[in-house]
There are 2 protein chains.
Amino acid sequence: MTVDAARTAGTDHRAVIGIDFGTLSGRAVVVRVADGAELGDAVHEYSHGVLDQALPTGDPLPHDWALQVPADYLEVLRSAAPKALVASGLTQDDIIGIATDFTACTVLPTLADGTPLSEIADLRRRPHAYVKLWKHHAAQPHADRINALAHERGEPWISRYGGKLSSEWELAKGLQLFEEDPEVYARTERWVEAADWIVWKLCGRYVRNICTAGYKAVLQDGRYPSPEFLAALAPGFETFFTDKVMQPLAQLGGRAGGLTEEAARWTGLRPGIAVAVGNVDAHVTSPAAKAVAPGQMLAVMGTSTCHVMNADHLAEVPGMCGVVRDGITPGLWGYEAGQSGVGDIFAWFTRTSVAGEYVTRADELGLGLHEHLTNLAARQAVGEHGLVVLDWHSGNRSVLVDHELSGLVVGLTLATRPEDVYRAILESTAFGTRKIIESFEAAGLPVTELVVAGGLLKNRFLMQIYADVTRRPLSLLASPQGPALGSAIHAAVAAGAYPDVYAASEAMGRKQEAAFLPDPKRAAAYDPLYAEYARLHDALGPDDGALGGLMHRLRDIKGRAGAK
Amino acid sequence: MTVDAARTAGTDHRAVIGIDFGTLSGRAVVVRVADGAELGDAVHEYSHGVLDQALPTGDPLPHDWALQVPADYLEVLRSAAPKALVASGLTQDDIIGIATDFTACTVLPTLADGTPLSEIADLRRRPHAYVKLWKHHAAQPHADRINALAHERGEPWISRYGGKLSSEWELAKGLQLFEEDPEVYARTERWVEAADWIVWKLCGRYVRNICTAGYKAVLQDGRYPSPEFLAALAPGFETFFTDKVMQPLAQLGGRAGGLTEEAARWTGLRPGIAVAVGNVDAHVTSPAAKAVAPGQMLAVMGTSTCHVMNADHLAEVPGMCGVVRDGITPGLWGYEAGQSGVGDIFAWFTRTSVAGEYVTRADELGLGLHEHLTNLAARQAVGEHGLVVLDWHSGNRSVLVDHELSGLVVGLTLATRPEDVYRAILESTAFGTRKIIESFEAAGLPVTELVVAGGLLKNRFLMQIYADVTRRPLSLLASPQGPALGSAIHAAVAAGAYPDVYAASEAMGRKQEAAFLPDPKRAAAYDPLYAEYARLHDALGPDDGALGGLMHRLRDIKGRAGAK
């Protein structure tokens, strides 16, 4: 049944609610089960936002910390959910299920009943009692030790994560807790992904979703890292997984339980409706964008880019972030890769490196600076600027897995203009995506379509560059609410409206198919530029490259000079 | 006798006049013979400036052309010279000699009596009849053929010019004339350096100065390139040197003749006073800055940097611009090297790549943008920005001799600020100078002191960087009129007031000795940054470097894309 047909028929009013918990706010969307039509939505900003300077008590935080307050998440349930329902024009009787997705790895210590330690009176001034947000980066030394030891011991799971676990994940953050605040660690009865904690609050049952268990907690082939590994890491830490992490697992799209009376009061929904297993914002977007078949790579493009793609077999792709069985949708191997910096490099450039006259001119034209630079850049032929950029301003997640790399520009002349560098930066991120695609294909995983979600899909010029550079048809998620729509799809499956996520995605997902096609002439013109990008990549990226280590040495020099 | 003693004594009023012919104007300075005191000066701007769009007749010029009108130079004699005399408070009876220096290679076609072809009625609309200014770059294809053929034939002189003659020099410009306008070439009876033409106009005698004959007309060991070489270049061109270039030679500081009655009327000076042999602006500055002994390297730092240094023996320094016996001062071997872009890279960066808020803030502080960025950059410790720049935005003159290279920045992060890149650019030009110094030393020519002249010496922070990076005491020319003072010194020698340029330099030159000394801690901190610069230099500069050819390929891509 098509969307129009369902609307016309008007016979099936059933709807679900999807809630996307982002970094600064939560967004609830009411979605019709029959066709995925978005009927109403509401946003609620977290009262405490991100704690990166001080606790709510005023106690200061060290550099690189990023915490949150769990009560803020419940506020979203109390505020955004009922508002979205009102906006939809439906009643609670129409809503058959609810599902959520979360940033990850965002993790908190709780008691066995789910009470966050930060809500226990004598722990309110202890930073380690709070939610550690995904971008809490203070556990890097712990991650470094974990990775070194994993390679030393030849742990089999390390190759499933491109050879490196991130400092953002559960193990590094847990080790930091263990070593820096043993008392809070001792009182931690559960080390819970926020993605699962919110579901626990909705249905009263704690189940671990397969996605974060695999990508963020190193669960591979049914096993977490061994107690022996943990003991070698830090004596006393060996029971971390067995005591605090292990929990019954649940497939994505599964029913975690029924909505509790309490949660029904918060949300204005009926008690007992299906609550879906928790999920992650990027991964949950795949079915929303109809990008769940093997070969359909979803790129969620914002300040950074997250790539997720299914395949029907296991392969080890050098430099990927992780591969998890059932990690995106059940029955397939879910692969994740990423680019550390994309939109944030564009933003940095326009903020710092563009002469004021461009801002003035953009104002005169009634344009934003990005738009003005894009228009100027779009007039050029491919390669006309003579520049190549390495897009490593905040490191390289895939395929080099090295956050200590840095950005490079080559080809500058006295005639180089801001729009030239801007275009070269846009192109460099497309080259980075092409490198990732080529790595997947070299590992035996064909990539046949690129599906784009996220804020950057609005830049049509950028999208055309990606189509041309990757020589792939480029489709767009045709909804501004990607993750919330993806959650809604999972709610529909959990409520039994569809047999599985694939069927629900087919009916409810929204994709603008092949919105951009590669232009053969431009694609051919990009090849020699990409070849130079690849040469620089291979010379400066790996330690054994011709200029390998140069960027690390510059960081060391910077560090020794006392820079932050 | 010290300057003060001479002033106090007040017994020797004799003075000379030095005139510096720059790119846009001529400057006359009256200088006391006894101590070099500058008594009066005046500037006259050329009426026609630089012709790079059209002839005075309105006829348009192609891209890369840069011409001048010879009558503009005579205007300087008529205007600036008498004004400077008035400003000095002296009378014509006090002036015992006159000398001039010129940009080079700036060259014009004339009749046998010195009449410029552009002044002949039927040639006024012919671009090739005009003065070709040093920065006329339309003869690059001709230079490329000259260099290829010289290497093919194993011409001995090519190694005295770092393996490449410049498109700016007499031979390439002459070949362009020969091939593009055979009629004007046929009517060219002399192919004259403007440096010699102006002296011809002053004293009525045409002598070629050793300096431009060597550096710009390939005169080595008393010989110009052979007729066989010229014939192989272009049939019919074999008599270029014998018919149009050859002329009696004269040493720098020599007397070319006496001031003619006509030139005396123009200048307001006495007929018959000594007119010195012509000279070049950079080279003539060496005695003004007391940088004439072997090991004293003069760096004239402006939009680009020209390095000149004497040595007592011949060596072949890879990548130098040229080495000429007696080329800077008689009796020594004069070496020249250069950096294609210095101040112009600073200017390009501030013009294009600095956010408007910096301009606003500089305004609030009552500072120029350069000054504001310098102040911000100066607060940093060495290496704190974590950046390295290759200063090749307009190519690399020494030691790579490659104008098709381009600029590079590495180490960029999302925290990089404009003052960081600005400082890294300043440093990169100091690294470029260090590379040149190291090349000289590796060839057996010690460099013991760096003496700076030119507009950039006002930036004290930049000067300290150069002292630290090169680990050399850095002296400054202590006069704002470097070339004109240098000319005045030559005038004094030509008039017989001193036995030679060395004695005149000692008495009349003005140097702030060791104005900046290297700080050992900062010098040590720069070493690892310079090491990375050198690695990038060697990887990207030579064709056989690890990334050799990359910048050329980017230029080719740009060219194919139809960019100018």
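B:Ala172 - would you say it is assigned to a helix (DSSP H, G or I) and open to solvent by less than 40 Å² (accessible area, probe 1.4 Å)?
Considered against the rule, which asks whether it is assigned to a helix (DSSP H, G or I) and open to solvent by less than 40 Å² (accessible area, probe 1.4 Å), B:Ala172 comes out as yes.
Taking B:Asp64 as meeting all but one of (1) more than 30 Å from A:Ala415 (Cα to Cα); (2) open to solvent by 20 Å² or more (accessible area, probe 1.4 Å), write down the number of the exception.
Answer for B:Asp64: the failing condition is (1).
For region A:196-315, give me every one of the strands (runs of 3 or more DSSP E) that falls completely inside it and has 2 or more residues that are within 16 Å of the chain's Cα centre (by Cα).
Hits in region A:196-315: A:296-301, A:305-311.
What are the pairs, 6+ residues apart or on separate chains, where a residue within region B:94-110 that is open to solvent by 10 Å² or more (accessible area, probe 1.4 Å) has its Cβ under 8 Å from a residue that is assigned to a strand (DSSP E or B)?
Qualifying pairs under 8 Å: B:Asp94/B:Ala15; B:Ile96/B:Ala15; B:Ile96/B:Val16; B:Ile96/B:Ala274; B:Ala104/B:Glu193; B:Ala104/B:Val280.
Of the numbered conditions (1) of a type in the set (S, T, N, Q); (2) over 30 Å from A:Leu405 (Cβ atoms); (3) touching a Cys at 6+ places or on another chain (Cβ under 9 Å), B:Gln339 satisfies every one except a single condition; which is it?
(2)
If I go through region B:538-550 residue by residue, how many of them are more than 7 Å from every other protein chain (Cβ to nearest Cβ) and either part of a loop (DSSP other than H, G, I, E, B) or open to solvent by 10 Å² or more (accessible area, probe 1.4 Å) (or both)?
Here the count works out to 8.
Tell me, please, whether a residue that is within 25 Å of A:Ala274 (Cβ to Cβ), open to solvent by 30 Å² or more (accessible area, probe 1.4 Å) and out of contact with any Leu (no Cβ under 7 Å at 6 or more places or on another chain) can be found in region A:44-61.
yes
Determine whether A:Thr433 is open to solvent by less than 10 Å² (accessible area, probe 1.4 Å), part of a helix (DSSP H, G or I), within 14 Å of chain B (Cβ to nearest Cβ) and at pLDDT 95 or above.
no
Considering every residue within region A:201-209, establish whether at least one is within 26 Å of A:Asp20 (Cβ to Cβ), open to solvent by 20 Å² or more (accessible area, probe 1.4 Å) and of a type in the set (D, E, K, R).
Within region A:201-209 (the criterion being within 26 Å of A:Asp20 (Cβ to Cβ), open to solvent by 20 Å² or more (accessible area, probe 1.4 Å) and of a type in the set (D, E, K, R)), the answer is yes, since at least one residue qualifies.
I'd like the full set of residues that are touching a strand residue (DSSP E or B) at 6+ places or on another chain (Cβ under 8 Å) and either more than 15 Å from B:Ala299 (Cα to Cα) or surrounded by fewer than 23 Cβ atoms within 10 Å (Cβ to Cβ) (or both), limited to region B:480-494.
B:Gln481, B:Ala484, B:Leu485, B:Ser487, B:Ala488, B:Ile489, B:His490, B:Ala491, B:Ala492, B:Val493, B:Ala494, listed by residue number.
Give A:Arg560, A:Arg553, A:Arg522, A:Arg535 a once-over and let me know the one that is within 12 Å of chain B (Cβ to nearest Cβ), modelled with pLDDT under 95 and open to solvent by 30 Å² or more (accessible area, probe 1.4 Å).
Answer to the check: A:Arg560.
Could you tell me whether region A:338-353 includes any residue that is away from chain B (no Cβ under 14 Å), open to solvent by 10 Å² or more (accessible area, probe 1.4 Å) and over 20 Å from A:Arg472 (Cα atoms)?
There is no residue in region A:338-353 that is away from chain B (no Cβ under 14 Å), open to solvent by 10 Å² or more (accessible area, probe 1.4 Å) and over 20 Å from A:Arg472 (Cα atoms).
Show the residue pairs that are 6+ apart or on different chains and have beta-carbon atoms under 9 Å apart, the first residue being within region A:221-235 and closer than 13 Å to A:Glu152 by Cα, the second being among the acidic types (Asp, Glu) and not in a loop (DSSP other than H, G, I, E, B).
A:Ala232/A:Glu152
Just to be sure, is B:Pro528 open to solvent by 10 Å² or more (accessible area, probe 1.4 Å), in a loop (DSSP other than H, G, I, E, B) and either more than 19 Å from A:Leu408 (Cα to Cα) or at the interface with chain A (Cβ under 8 Å from one of its Cβ atoms) (or both)? Before the answer, list the steps.
Numbers: open to solvent by 10 Å² or more (accessible area, probe 1.4 Å): yes; in a loop (DSSP other than H, G, I, E, B): no; either more than 19 Å from A:Leu408 (Cα to Cα) or at the interface with chain A (Cβ under 8 Å from one of its Cβ atoms) (or both): yes.
For B:Pro528, the condition - open to solvent by 10 Å² or more (accessible area, probe 1.4 Å), in a loop (DSSP other than H, G, I, E, B) and either more than 19 Å from A:Leu408 (Cα to Cα) or at the interface with chain A (Cβ under 8 Å from one of its Cβ atoms) (or both) - is not met.
Going through B:Gly40, B:Gly18 one at a time, which residue ends up being surrounded by 24 or more Cβ atoms within 10 Å (Cβ to Cβ), in contact with a helix residue (DSSP H, G or I) (Cβ under 7 Å, 6 or more places away or on another chain) and either at pLDDT 95 or above or farther than 23 Å from B:Ile489 by Cβ (or both)?
Numbers: B:Gly40 fails: surrounded by 24 or more Cβ atoms within 10 Å (Cβ to Cβ).
Going through B:Gly40, B:Gly18 in turn, just one is surrounded by 24 or more Cβ atoms within 10 Å (Cβ to Cβ), in contact with a helix residue (DSSP H, G or I) (Cβ under 7 Å, 6 or more places away or on another chain) and either at pLDDT 95 or above or farther than 23 Å from B:Ile489 by Cβ (or both): B:Gly18.
Pairs please, first residue from region B:395-409 and basic (Lys, Arg), second anywhere and open to solvent by less than 20 Å² (accessible area, probe 1.4 Å) and outside any loop (DSSP other than H, G, I, E, B), Cβ atoms under 8 Å, 6+ apart in sequence or on different chains.
B:Arg397/B:Ala337; B:Arg397/B:Gly338; B:Arg397/B:Gln339
Which residues, taken from region A:373-390, are more than 8 Å from chain B (Cβ to nearest Cβ), more than 22 Å from A:Lys558 (Cβ to Cβ) and in a strand (DSSP E or B)?
none
Determine if region A:436-455 includes at least one residue that is touching an Asp or Glu at 6+ places or on another chain (Cβ under 8 Å), assigned to a loop (DSSP other than H, G, I, E, B) and within 14 Å of another protein chain (Cβ to nearest Cβ).
Residues of region A:436-455 touching an Asp or Glu at 6+ places or on another chain (Cβ under 8 Å): A:443, A:447.
Applying the additional criterion that residues be assigned to a loop (DSSP other than H, G, I, E, B) yields A:443, A:447.
This time we only want the ones that are within 14 Å of another protein chain (Cβ to nearest Cβ), so: none.
No: region A:436-455 contains no residue that is touching an Asp or Glu at 6+ places or on another chain (Cβ under 8 Å), assigned to a loop (DSSP other than H, G, I, E, B) and within 14 Å of another protein chain (Cβ to nearest Cβ).
Name the one entry in A:Ala291, A:Ala276, A:Ala250 that is more than 24 Å from A:Met463 (Cα to Cα) and open to solvent by less than 10 Å² (accessible area, probe 1.4 Å).
Selected residue: A:Ala276, the only one of A:Ala291, A:Ala276, A:Ala250 that is more than 24 Å from A:Met463 (Cα to Cα) and open to solvent by less than 10 Å² (accessible area, probe 1.4 Å).
Hey, does region B:334-357 have a residue that's assigned to a strand (DSSP E or B), under 24 Å from the mean Cα position of the chain (by Cα), among the charged types (D, E, K, R) and more than 27 Å from B:Ala467 (Cβ to Cβ)? Talk me through it step by step, then tell me what you get.
Kept after step one, since they are assigned to a strand (DSSP E or B), are these residues of region B:334-357: B:334-339, B:355.
Then keep just the ones that are under 24 Å from the mean Cα position of the chain (by Cα); that gives B:334-339.
Keeping just the survivors that are among the charged types (D, E, K, R) gives B:336.
With more than 27 Å from B:Ala467 (Cβ to Cβ) added as a condition, the list becomes none.
No - not one qualifying residue is present in region B:334-357.
Is there any pair with a first residue in region B:413-427 that is without any contact (Cβ under 8 Å) to a residue 24 or more places away in the chain and a second that is part of a loop (DSSP other than H, G, I, E, B) and not aliphatic (A, V, I, L, M) whose Cβ atoms are under 6 Å apart and which are 6 or more apart or on different chains, and what are they?
B:Leu414/A:Ser394
So which residues in region A:391-415 are out of contact with any strand residue (DSSP E or B) (no Cβ under 8 Å at 6 or more places or on another chain) and within 9 Å of chain B (Cβ to nearest Cβ), if there are any at all?
Listed by number, the residues that qualify are A:Ser394, A:Ala415.
Could you list all residues from region B:354-369 that are surrounded by 18 or more Cβ atoms within 10 Å (Cβ to Cβ) and either closer than 27 Å to A:His385 by Cβ or within 8 Å of chain A (Cβ to nearest Cβ) (or both)?
B:Val354, B:Ala355, B:Tyr358, B:Leu369
Residues that are over 30 Å from B:Val184 (Cα atoms): find the strands (runs of 3 or more DSSP E) completely inside region B:1-120 holding 2 or more of those.
Result: B:15-21, B:25-32, B:38-45, B:95-102.
The values are calculated or read from the model by the stated rules, or taken from the named source; none is laboratory data. Keep in mind it's a predicted model, so treat the numbers as computed, not measured. Note: ideal-geometry Cβ built from the backbone for every residue, glycine included; neighbour counts use all protein chains shown. Heads up: the accessible areas ignore ligands, DNA and RNA and are worked out on the full protein's heavy atoms, side chains in. Shrake-Rupley method; radii C 1.70, N 1.55, O 1.52, S 1.80 Å.
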